[in-house]
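One structure is given below, represented as structure tokens, and several questions about it will come after.
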Amino acid sequence: MTTLLEFLGRLHLVILHLPIGMIVGLAIYELHAARKKLKSAPKIWVNSTAIVTVLAMASGLILHERPGYVENETMELHERFGLLTALASTCCAIFYLKPKVYKVSLVISIIGVLVSGHFGGSMTHGEDFLTEPFLRKNKKITTNSEEKITANFYSSKISPILEAKCNKCHNDKKQKGSLRLDSPIHILTGGKNEGPAIILNAESGHPLLERIMLDIEHEDHMPPEGKPQLTEEEVVLIKKWCKNGAPMP
């Protein structure tokens, strides 16, 4: 039963784009129909939209119960607007023959899917995902071989790399593998499988570095394929830090 629930929860990531496309498409069609004085969209379209929206919402609630997701305001808002979208799309199907109620429900569906999608994207990619290209600092990373590796090296060089490339999935709101990388104490606490992500005062054996160095197609490579990858300069800095015992504040 646990395996089935896990499968149904993960199905959320597969089907969530269906209600988005169907609701937006339905709204565009109805806007066009109103301008051209055409009939409303076929009932089967409206009913199908309601069904897939409810399925996406239900699978999302199941996914929420899986390990790695922590209660926070972003998730709560994502769920609430997801429920609102499912309810509004269901009302579209129920009140299809009552034009005013149907259109109001469709407008609410559009609002719900846009807002829920925004918070869902923030959970997956980070709250600054849309604005990151405009806020990113174009500073060249230096790898001075003479630079002394101290706790300040972590604060100035390593922490910004983790923040940009790792913490979107390993923070106080979302903890893949029960691992957080947003502070030294959490890095040393580690996740549920491998223990500490970094081994203090050791030149090798750091799980964090080992994951980074795996081939990008390897299932354990971090960051996962499809996510922003570390640059060569960033990898060099982490290697240098680890080789010198990974000092942290």
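The values are calculated or read from the model by the stated rules, or taken from the named source; none is laboratory data. If you're wondering where the values come from, they're calculated on a predicted model, not measured in any experiment. Cβ sites come from the backbone with ideal geometry, for glycine too, and all protein chains shown count toward neighbours. These accessible areas exclude ligands, DNA and RNA; they are computed on the full protein's heavy atoms, side chains included. Shrake-Rupley method; radii C 1.70, N 1.55, O 1.52, S 1.80 Å.
List every residue whose amide H lies under 5 Å from the amide H of GLY191, counting only residues 5 or more places away in sequence or on a different chain, with H placed 1.01 Å from N in the peptide plane.
Residues meeting the criterion, in which the H sits 1.01 Å from N, are ALA197.
Which value, in nm² and rounded to one decimal, describes the direction-averaged projected area of the C-alpha convex hull of region 1-115?
Projected over every direction and averaged, the Cα hull of region 1-115 covers 7.4 nm².
If you don't mind, there's one more thing I want to ask. Wrap a convex hull around the Cα atoms of the chain, take a quarter of its surface area, and give that in square nanometres.
Value for the chain: 16.6 nm².
Sorting THR85, THR231 by accessible area (1.4 Å probe), largest first, what list results?
THR231, THR85
Just list whichever of LYS174/LYS240; LYS192/LYS239; LYS173/LYS243; LYS39/LYS100; LYS39/LYS103; LYS176/LYS239 have alpha carbons separated by over 21 Å in the model shown.
LYS174/LYS240; LYS192/LYS239; LYS173/LYS243; LYS176/LYS239
Each residue of region 209-226 in turn: what ³J(HN,Hα) in whole Hz from Karplus with 6.51, -1.76, 1.60 and θ = phi - 60°, glycine and Pro shown as x?
5, 4, 5, 5, 7, 5, 4, 4, 7, 5, 5, 9, 5, 10, x, x, 4, x
If you don't mind, another one. Taking the full set of protein chains and a 1.4 angstrom probe, give the accessible area of CYS91 in square angstrom, rounded to the nearest 10.
Accessible area, nearest 10 Å²: 30 Å².
Using only Cα atoms, what Kirkwood radius does region 182-229 have, in angstroms?
One over the average 1/r among Cα pairs gives 11.5 Å for region 182-229.
Using a 1.4 Å probe, how large is the accessible area of TYR102, given in Å² and rounded to the nearest 10?
Result for TYR102: roughly 0 Å² accessible.
Right, something else. If you filter region 151-249 for trypsin sites (Lys or Arg not before Pro), then keep DSSP loop positions with at most 15 other Cβ within 10 Å, what is left?
Filter output for region 151-249: LYS192.
Once R0 is set to 30 Å, what does the formula 1/(1 + (r/R0)^6) return for the Cβ-Cβ distance between LEU4 and GLN229, expressed as a FRET efficiency to the nearest 0.05?
0.30
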